[in-house]
Amino acid sequence: MIVQRTNNTLSETHACSDCPHPADCANMGKCLTEMAEPFIAAKQFSRWMLPTQAQAVEAALRAGRSHRQITGGGKRLGPAICTPGKWTKHMTAYPKWGSEMELLAKANSKALEDNKGSHKRNKTHCKNGHLFDRVVPSYMERGRGERRLCSICMKAKGSRGHMPPLAIVRQVKALMLEKRSISSFTKWGEKGFVLYHRHFTALRKENAEIGLIYADNIKIINSRSQIQRHHLHRIIHGSPAVQRRCYTEISSLVSRHLPGRDDVVQEIFEALLDKSLHPDDVRLRIDRFVGDQNRMFPTKYRKFGNDDLVSLDQVLFEDGNTTRGDTVSRGLWD
């Protein structure tokens, strides 16, 4: 609405059909079109919004857009309607309309902030179509209180390996050329650990040279295992002569001065028969069998204590014949 001020009174001249805030225009005494005419004539931008801009701003705010979306623009936010400076100047010049628009802008900004990330929070399935079945706290992602995880995808990711660096590839190749076992450099926590087994699997599938070396080593390992299984089969199911020869070989590994030597040999032979002991591990585990025998039938120390064993026939005094047994006043079952 265009108005004219005469002697501090307002007189209506004619109505402006596209004015977004006629009441504020009446207080200003001029319409936006008249205020913008001098700037347009000088080929400059108006310091206030044009009627079309003010209407577009109001429509955008009522549609839910924020102040930043209207004045920021850009590829992500879309085209700007007006500049931030023009927004501030126009809201100040037209306070009634400006206060209403400011309230809309704050409400829209709060709604957009609360709705941020909702498209991810509302998801119930991962990108592979599996149902999210785990919720864990999230401390690394800013603004997130929890993360939803898919156990199926996590398990698949953990089983997949990736190509190791070139230095690791060369080291693995050297170890395999030495006919080292795969577990000797893929078992985590061991001294010779180089890489995880899943990464080695990816390496031998991607690297043709490593794959050929691996295939040759597997043939050697399989043939060695067949020989060991055949040897164990001969021991268990062989003739009495073969078993006697095996028994003799085990006896030669145990000290002949050991008390209960035959019992130790018998325990080792029984472990071979029930497959709890491998023939190649006999030399390494003899000490364990000897230790078990000593704990079961101690010679120097008691079974339940660390005191030396003494004989009842021991003479107590050098100038007498009294033995330790003569001083026993009570029997075991008294």
Over the stretch 29-42, the set of residues farther than 21 Å from PRO84 by Cα, modelled with pLDDT of 70 or more and either surrounded by 17 or more Cβ atoms within 10 Å (Cβ to Cβ) or not hydrophobic (A, V, I, L, M, F, W, C) (or both) is CYS31, GLU34, GLU37, PRO38
What's the number of the only condition in (1) closer than 30 Å to PHE132 by Cα; (2) open to solvent by 60 Å² or more (accessible area, probe 1.4 Å); (3) at pLDDT 85 or above that ALA167 fails to meet? (1)
Single residue of the stretch 315-334 satisfying the filter (modelled with pLDDT under 75 and among the small types (Gly, Ala, Ser)) that is farthest from SER252 (Cα to Cα): SER329
Checking the structure you have, find out if any residue of the stretch 187-210 is modelled with pLDDT under 85 and in a helix (DSSP H, G or I). no
Residues that are at pLDDT 80 or above and among the charged types (D, E, K, R): find the helices (runs of 4 or more DSSP H) completely inside the stretch 211-314 holding 2 or more of those. 261-273, 282-296
Top-ranked residue in the stretch 268-284 [being of a type outside the set (A, V, I, L, M) and over 16 Å from SER252 (Cβ atoms); ranked as most open to solvent (accessible area, probe 1.4 Å)]: LYS275
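The values are calculated or read from the model by the stated rules, or taken from the named source; none is laboratory data. These figures come from a predicted structure and were not determined experimentally. Heads up, the Cβs are rebuilt from the backbone with ideal geometry, glycines too, and the neighbour counts pull from every protein chain shown. These accessible areas exclude ligands, DNA and RNA; they are computed on the full protein's heavy atoms, side chains included. Shrake-Rupley method; radii C 1.70, N 1.55, O 1.52, S 1.80 Å.
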